[in-house]
Each structure stands twice: as structure tokens, then as C-alpha cells.
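The values are calculated or read from the model by the stated rules, or taken from the named source; none is laboratory data. Everything numeric here is computed off the predicted structure, so don't read it as measured data. Here Cβ is always computed from backbone atoms with ideal geometry, including for glycine, and neighbour counts include all displayed protein chains. Heads up: the accessible areas ignore ligands, DNA and RNA and are worked out on the full protein's heavy atoms, side chains in. Shrake-Rupley method; radii C 1.70, N 1.55, O 1.52, S 1.80 Å.
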Amino acid sequence: MAPRGVWCVLLTCLFYTSSADKDFFTSIGQMTDLLYTEKDLVTSLKDYIRAEESKLEQVKKWAQKLDVLSATATQDPEGFLGHPVNAFKLMKRLNTEWGELESLVLKDMSDGFISNLTIQRQYFPNDDDQTGAAKALMRLQDTYRLDTQTISTGELPGTNTDVTMSPMTVEDCFELGKIAYSDADYYHTELWMEQALKQLDGGEESSVDMVTILDYLSYSIYQQGELERALDYTKRLLKLDSAHQRANGNLKYFEYQLAKQKKVEAEEGLKEKEKREREKREASEKKGRPADYLPERRKYEQLCRGEGIKMTPRRQSRMFCRYSDNNRHPLYVLGPVKQEDEWDRPRIIRYHDVLSNSEIEKVKELAKPRLRRATISNPITGVLETAHYRISKRRATVHDPQTGKLTTAHYRVSKSAWLTAYEDPVVDKINQRIEDITGLNVKTAEELQVANYGVGGQYEPHFDFGRKDEPDAFKELGTGNRIATWLIYMSDVPSGGATVFTDVGAAVWPKKGSAVFWYNLFPSGEGDYSTRHAACPVLVGNKWVSNKWIHERGQEFRRRCTLDESD
């Protein structure tokens, strides 16, 4: 076996985290590279194992040979050594061959593996990635109302049966619970510690002991106001470890609080009892995930699940599919584009088959290397910014709905890259196609932005245009506000990933090769607040999109201004 020092180095390498590249979980495209990195490491590890096995085989053969020899020799030592050849060979073995064996045993066979691991470890995810991926799982759990058993077994809606999925272990569930606990999120702590306990009770072997799980579980339940359940779990813990100091302290405290509570209830009158029961029911109904900064969270998630869509049959009857030649545009007279009404107010139109598979692959090929950069240059300001949080300079900060102050926008779980028209003919061709189909001037538009969503990838409700409280939103561009948005879906998403408009209750589902288009501003130039939209978390699949933000400048004669917003 390798010397103890070697294994220390090996373990250090395995747990080393690099700060060279962060937030792997925000891009599935980037995470695919990690699979190949791990495959290379497994190959290297197998080479190391073979080398160790070869060394041990040599040592084993040597031991077997000497075992037979020494057994024979010690039966008649003097007679054995009376033969000069045997005497010579004994001297030779002890003087030379045992030294060679010592060198063989001490030989470090792990050099190649550790060298490869040292090179690759700079690309390893870090603690932030692991925490981010864990929180993404919990976000999916809440958004799509999944129970822990469903997630643990991997039987998610839309999962391809051909895809190999290893179920979550007790350790995996415990880790999710711990991450929730570190955020004082006792709701998710309870859910995942209970799942870990369930799998332990089911006979699964684990390095995590039941006492530790029960310790987390009882406290998280207590924090949510359920004294009796917390007490039951504490008693169960003490049956396994009667000397557990914290549990013994908690037992006395829970019993005292419960007795105090029952005494108060006994002294209460009928009205007070009814009031307390009502308060208990209300508390039970409110129990759940902690409140967060997004006031429309419930509505947003309903739409993501396909619920609460506000399209009556009468309105639906006015939605049509058609072939459009954009006022007899020369390119589309003989080959019109397929146009479908997705919504009426605001008007959202889907154009089918606007990008071919080869064009999509080329765009992804151009964008993917840039998604790996920790920082990239903002085409508006020229300043280096963190890639997966930057949409434009305006998006670097958002208004906190609770404080009213500007704060960093951490709600986007994706990475993006900007592609300019001169980089490749396919980008220039896409830009021209957008202009030909929409009839708007794209020369003043922002560059084509490509985004790849990560684990549970989402982009919470926002506006694309600059509001009145953001007068300098696009001042650097000098091209006015964002008049319209063109969004291309570059992949199908088996489950989740819809684009939803929270103010009007609309949902648009990804379809590879299609694009959706809407105006952010009325013809008067006023912002259309009904265009507030969001990208739902991706439950299963890999979501690639690209978008073009078209600005006011250059549209003066293409979309004429009017004071009548109904136009």
C-alpha cells in the first residue's frame, strides 16, 4: 500500500477547492465538462489501482516462494545450510533481495494519478457550487410541489427512462438538510432530515448515524413550534444515546415548555381555548417554506406548474396560427414564416422554425467557451463583470421590494455570453432574420445574448425595459429604451423552464428552434407593465436560449409613435 503521507496528499487533493472558476451549477453546458473531467480521473485512478495490484502481485509471489523455502529449510537448518549453494543464496537474499523488496514495497505508484488530479482539481466545483446545487433542488421541490421521496428516487416528471439515475443516499439527504439548517431554513431541514431518517429506518447503510439526524430533526421541528413532535424525536434520540448532553437538556426544556403550555390551556376559558385553537390552525396553515423577497412568488410558481393561466375560451378563440410574409417582404413572399398567437394582451407571438439545428449548434459552440469565464466584458460598459449575474449594466442592481433600495441581483441561475455580428456569419444572419421578421431596425439593438440555465435554472419576475425610476438605464447606449424583446428557444425542455408573464397569467413553453416576440413599450413610449415576466426553474433538461433586446432608436419610421396606447 502507498505510504501514509501519500494518502494524506491524495485526500488533500480530493478536497481541494479552486477559486479559479465558480458557480458551475449555474450552467448545465459547463457542467457537462465536469463529467469528462471525472471520467479522465476515473481512468487515471484505474491505472493507479492496476499499478498497485501489479506491485502487490510481485510481493505476493515473493512471499509465497520464501514461505515454501523457509518451511523446508527450518526443518533441518544445519543440513540445509550444509549445502554451499543454499548458504550463498541465503546471504544473497538477505543482503540484496530483501533490500530490493523493501524498495518495491516503498515505491509510490500514485505519482501519475496525483499529478493528473493536481492538474484537474483547478476545475473542480467548490463549496458554493455544492450549496447552490442543493438550494436549486429545494427550489425545484417547492416550485413543482415535489415530495422528498420523489426527488430522492429521481422519478421526476419528464425524466427520460433511458437516463441512468442513482438514487440519493442517506448522506445526500442529510447534506441537503444541513445546508438548509445553516440558513436557518428549518422547514427544509425537517423535510430532508425526515427523508434521511426514513431511508435509515428502511435498512440503508450509512456513515451518518441516526443520533445526529434525530438531533437536527428535533431542533428544526421545535423551531417551527411543534413541541410535542420535537419531544418525541428527542426521546427517540435518548433511547439510542442516553448520555447525549444536548438532547438531555432539550428534553427537560421541551417538557417544561409543554407543561407550561398545558397549564395555561387548562386555566383558559372557552373563548380563550377557541382562540388558541384557531391560532394553532393558522400557525399550522402558515407552516412551510420561509418567506422571501418576491411578493408574487406564489403566482409565479403556479404559472410554472401550468396552473392559474388566465385565458378564457372566448379569448382563446381569437388566437390564430398563420403564415406571415411581413407585409410582402421579398424573403418571405414564397416562403412565409409560421406565426402563432400565444397571448393577446400583451400581444406575444411565437415564430416557429426560425433557427435550424445547425445554426443552434453553431451559436452554442461560439457561446459555450465564454460561459466558463468567471468574468466577461460587458459590451455596454466595457467593464469586467461576473458572467452569470450580468444582463446589462442596468441588471447589475435591482430594486429590493422590501427596502426600496438598489441591491445586487442574485436571482438568475444561469450563465450568459454576448455574440457580436462580426464574429461569425451565423450571428449576422440571425440578426438580419430578426429584422426581416419583426420589421424593426436591429442595428441599434444589443448584441445577441446566449444563456444556458443551470441546476434548477431560473430567472425570477422582472421587466426588460427601463422604468421611470431608472432614467439612466440605457444612457451609455444612447439608443433609448428597450422597445421589444426577441427570445429564441435553442433546446426543448422535458419538464419546467416555461416563460411566464405574472401580471397577466400567461405561460409560454420552450420549443426548440422557435422564437417569441413582444413589445415592452406602448407606441406612446410608455412602458407596458403587463410584460413583467420570468423564466421558470428547469426541472429536467438543459435549457439554452438566446435573446435580442431591440431599442427605440431607429424605429421612428418603423413603429410610429402615438399617444393612443390601445394602438
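Would you be able to say whether some residue in the stretch 461-470 is open to solvent by less than 10 Å² (accessible area, probe 1.4 Å), under 28 Å from MET311 (Cβ atoms), among the acidic types (Asp, Glu) and in contact (Cβ under 8 Å) with a residue 40 or more places away in the chain? Looking for residues that are open to solvent by less than 10 Å² (accessible area, probe 1.4 Å), under 28 Å from MET311 (Cβ atoms), among the acidic types (Asp, Glu) and in contact (Cβ under 8 Å) with a residue 40 or more places away in the chain, one finds at least one in the stretch 461-470, hence yes. In the stretch 82-90 there is at least one residue that is over 24 Å from SER44 (Cα atoms), open to solvent by 40 Å² or more (accessible area, probe 1.4 Å) and assigned to a loop (DSSP other than H, G, I, E, B).
When LYS443 is tested against the conditions (1) closer than 21 Å to HIS462 by Cβ; (2) modelled with pLDDT of 95 or more, the lone failure is (1).
Of the residues ASP33, ASP21, which single one is surrounded by 11 or more Cβ atoms within 10 Å (Cβ to Cβ), outside any helix (DSSP H, G or I) and at pLDDT below 90? Matching residue, one of ASP33, ASP21: ASP21.
Select, from GLY505, GLY497, GLY478, GLY513, the only residue that is surrounded by fewer than 19 Cβ atoms within 10 Å (Cβ to Cβ), out of contact with any helix residue (DSSP H, G or I) (no Cβ under 8 Å at 6 or more places or on another chain) and in contact (Cβ under 8 Å) with a residue 24 or more places away in the chain. Steps first, please.
Details: GLY505 fails: out of contact with any helix residue (DSSP H, G or I) (no Cβ under 8 Å at 6 or more places or on another chain); GLY497 fails: surrounded by fewer than 19 Cβ atoms within 10 Å (Cβ to Cβ); GLY513 fails: out of contact with any helix residue (DSSP H, G or I) (no Cβ under 8 Å at 6 or more places or on another chain).
Being surrounded by fewer than 19 Cβ atoms within 10 Å (Cβ to Cβ), out of contact with any helix residue (DSSP H, G or I) (no Cβ under 8 Å at 6 or more places or on another chain) and in contact (Cβ under 8 Å) with a residue 24 or more places away in the chain holds for just one of GLY505, GLY497, GLY478, GLY513, which is GLY478.
Answer with yes or no whether ARG298 is open to solvent by 100 Å² or more (accessible area, probe 1.4 Å) and either at pLDDT 95 or above or closer than 19 Å to GLN432 by Cβ (or both). Considered against the rule, which asks whether it is open to solvent by 100 Å² or more (accessible area, probe 1.4 Å) and either at pLDDT 95 or above or closer than 19 Å to GLN432 by Cβ (or both), ARG298 comes out as no. Checked against the criterion of being under 16 Å from ASP344 (Cα atoms), modelled with pLDDT of 95 or more and of a type in the set (Phe, Trp, Tyr), the stretch 472-495 has no qualifying residue.
Taken as a whole, the stretch 520-535 holds at least one residue that is under 17 Å from TYR459 (Cα atoms) and among the aliphatic types (A, V, I, L, M).
Could you list, in sequence order, the residues of the stretch 97-133 that are open to solvent by 60 Å² or more (accessible area, probe 1.4 Å) and either assigned to a loop (DSSP other than H, G, I, E, B) or more than 28 Å from GLY496 (Cα to Cα) (or both)?
Applying the first criterion (open to solvent by 60 Å² or more (accessible area, probe 1.4 Å)) to the stretch 97-133 yields 98, 100, 102-103, 105-107, 111, 115, 119, 122-123, 127-128, 130.
Correct list: TRP98, GLU100, GLU102, SER103, VAL105, LEU106, LYS107, ASP111, SER115, ILE119, GLN122, TYR123.
Determine which member of the set SER317, SER324 is at pLDDT 90 or above, small (Gly, Ala, Ser) and surrounded by fewer than 13 Cβ atoms within 10 Å (Cβ to Cβ). Selected residue: SER317, the only one of SER317, SER324 that is at pLDDT 90 or above, small (Gly, Ala, Ser) and surrounded by fewer than 13 Cβ atoms within 10 Å (Cβ to Cβ). When the stretch 41-53 is filtered for residues that are more than 30 Å from GLU100 (Cα to Cα) and surrounded by 13 or more Cβ atoms within 10 Å (Cβ to Cβ), only LEU41 remains.
Contact map, the stretch 291-305: first residue touching a residue at least 60 places away in the same chain (Cβ under 8 Å), second residue open to solvent by 30 Å² or more (accessible area, probe 1.4 Å) and among the hydrophobic types (A, V, I, L, M, F, W, C), Cβ cut-off under 7 Å, separation 6 or more or different chains; pairs are LEU303/ILE309.
Being without any contact (Cβ under 8 Å) to a residue 24 or more places away in the chain and under 17 Å from PRO494 (Cα atoms) is a description that does not apply to ASP172.
Considering each residue of the stretch 54-70 in turn, none proves to be loosely packed, with under 14 Cβ neighbours inside 10 Å, at negative phi and at pLDDT below 80.
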